[in-house]
Each structure stands twice: as structure tokens, then as C-alpha cells.
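Student: Structure incoming, see below.
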Amino acid sequence: MKARIFKPSKSAMQSGRGKTHSWILEFEPTAARHQDPLMGWSSSSDTRAQLRLKFPSQDEAIAYAERKGIAYQVEEAQERTIAPKSYSDNFAYKRKTPWSH
């Protein structure tokens, strides 16, 4: 069974970077999901698909996977680039298009 080690991205509902500092070890599903005929819920016989382990660093997640003999794949995190902005640039004389109206 193969595991995936990654750093989660922020959700669309977040403005800050909360819950994006830890690294996650998550197992790939081995069995297909099926629908329960009585309730209609989707379920699977694979219990490892429910498991998500959090680690403070990438090295600790890799060390855990190697210690337990788990095959893993590391997805490198993409750092966010922030373009510096200034509120006064909205009213600058050199602005090509008018800011309002």
C-alpha cells in the first residue's frame, strides 16, 4: 500500500494560512467504494482510506513511513508568491486607466 505525503493548501473559504503548516500522510485507496443498498451511503472495505496522520515537518513524516515500512510518495509544497500592493497606487498620476467611473 502506498502513502502520499503532502502539505495541504488553504481552502477557498480561508483568507489566512491556518491549518497549512503541518504535513499529512494519507494512504491511497486500495478498494473501490460501493453504495449501501439500504441507506445509499458510500462505503469501502479499505479502513486505511480513513486515516490521515499529521506531522510538524516533512522529515518526520518520511521517517515515520520508513520506520513502519510504508511505501510513500512526497509531493513538494508550492510556496505562495505575494505581489506587493499599495493602496496609493490606485490614485497615482501614472495610472493608465481611471480607477473609478
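The values are calculated or read from the model by the stated rules, or taken from the named source; none is laboratory data. Bear in mind the structure is a predicted one, so any value in this text is a computation, not a measurement. All Cβ positions, glycine included, derive from the backbone under ideal geometry; neighbour counts span all protein chains shown.
Student: Going through the stretch 10-22 one residue at a time, which ones are more than 26 Å from Lys68 (Cα to Cα) and surrounded by 13 or more Cβ atoms within 10 Å (Cβ to Cβ)?
Tutor: The first filter runs over the stretch 10-22 and keeps only residues more than 26 Å from Lys68 (Cα to Cα), leaving 10-18.
The answer is Lys10, and nothing else.
Student: Report whether or not Arg52 is at pLDDT 85 or above and closer than 16 Å to Lys2 by Cβ.
Tutor: Values: at pLDDT 85 or above: yes; closer than 16 Å to Lys2 by Cβ: yes.
Considered against the rule, which asks whether it is at pLDDT 85 or above and closer than 16 Å to Lys2 by Cβ, Arg52 comes out as yes.
Student: While we're here: Report yes if Thr47 is in contact with an Asp or Glu (Cβ under 9 Å, 6 or more places away or on another chain), modelled with pLDDT under 90, among the polar types (S, T, N, Q) and closer than 18 Å to Met1 by Cβ, otherwise no. Reasoning before the result, please.
Tutor: Values: in contact with an Asp or Glu (Cβ under 9 Å, 6 or more places away or on another chain): no; modelled with pLDDT under 90: yes; among the polar types (S, T, N, Q): yes; closer than 18 Å to Met1 by Cβ: yes.
The answer is no for Thr47.
Student: Looking at the stretch 23-40, which of its residues are among the small types (Gly, Ala, Ser) and surrounded by fewer than 11 Cβ atoms within 10 Å (Cβ to Cβ)? I'd like the intermediate steps shown before the answer.
Tutor: The initial filter retains those residues of the stretch 23-40 that are among the small types (Gly, Ala, Ser), namely 31-32, 40.
Passing the criteria: Ala32, Gly40.
Student: Quick one: which of Ala12, Ala49, Ala92, Ala77 is of a type in the set (Gly, Ala, Ser) and in contact (Cβ under 8 Å) with a residue 60 or more places away in the chain? Let's see the steps before the verdict.
Tutor: On the way: Ala12 fails: in contact (Cβ under 8 Å) with a residue 60 or more places away in the chain; Ala49 fails: in contact (Cβ under 8 Å) with a residue 60 or more places away in the chain; Ala92 fails: in contact (Cβ under 8 Å) with a residue 60 or more places away in the chain.
Just a single option satisfies the conditions, and that option is Ala77.
Student: Looking only at residues that are among the small types (Gly, Ala, Ser) and assigned to a helix (DSSP H, G or I) in the stretch 63-101, which one is nearest to Ala3 (Cα to Cα)?
Tutor: Let us first name the residues in the stretch 63-101 that are among the small types (Gly, Ala, Ser), namely 63, 65, 69, 71, 77, 83, 86, 88, 92, 100.
When the remaining residues are screened for being assigned to a helix (DSSP H, G or I), the result is 63, 65, 88.
Values: Ala63: 13, Ala65: 8, Ser88: 48 Å.
The residue in question is Ala65.
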